[in-house]
Amino acid sequence: MQIRAARAMTGMTIEQLATASGLPVATLETLERDETQGEPQALLAVKQALETGGVLFIASGNHNEGGPGVRLKARTGGDEGIRPENLNSANDD
């Protein structure tokens, strides 16, 4: 799972993700650094919160969607999030 990228795509701050997932900010910061060490329940809570926010997680076998990674569902307006090319530490809230 690519938590930081998914947050950026939705324009969600880490605090908003903490509220949506029911997890502490410190846990999310740890998961963003090393997702392989996360508790399965914590990763599931993050995945569900991000999917509710409009993210699709694409499995490695789904090359029709452009390969593995995260994508945005079709949006109907509002906040468009941060384009990947504009992602940097200055907008990592």
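The values are calculated or read from the model by the stated rules, or taken from the named source; none is laboratory data. All figures in this text were calculated on a predicted structure; none of them were measured in a lab. Cβ sites come from the backbone with ideal geometry, for glycine too, and all protein chains shown count toward neighbours.
Scanning segment 2-12 for residues that are assigned to a loop (DSSP other than H, G, I, E, B) and on the phi < 0 side of the Ramachandran plot returns Q2, M12. Condition check: surrounded by 20 or more Cβ atoms within 10 Å (Cβ to Cβ) and out of contact with any Phe, Trp or Tyr (no Cβ under 6 Å at 6 or more places or on another chain). Does L50 satisfy that? It is true that L50 is surrounded by 20 or more Cβ atoms within 10 Å (Cβ to Cβ) and out of contact with any Phe, Trp or Tyr (no Cβ under 6 Å at 6 or more places or on another chain).
Within segment 1-20, the set of residues being of a type in the set (S, T, Y), farther than 20 Å from P40 by Cα and surrounded by fewer than 17 Cβ atoms within 10 Å (Cβ to Cβ) comprises just one member, T13. Taking the conditions exactly as written (at pLDDT 85 or above and in contact with a Gly (Cβ under 8 Å, 6 or more places away or on another chain)), does A45 satisfy them or not? It is true that A45 is at pLDDT 85 or above and in contact with a Gly (Cβ under 8 Å, 6 or more places away or on another chain).
When you check L23 against the structure, is it surrounded by 13 or more Cβ atoms within 10 Å (Cβ to Cβ), more than 14 Å from T10 (Cβ to Cβ) and modelled with pLDDT of 80 or more, yes or no? Criteria met by L23. Filtering segment 13-59 to residues that are in contact (Cβ under 8 Å) with a residue 60 or more places away in the chain and assigned to a loop (DSSP other than H, G, I, E, B) leaves only T13.
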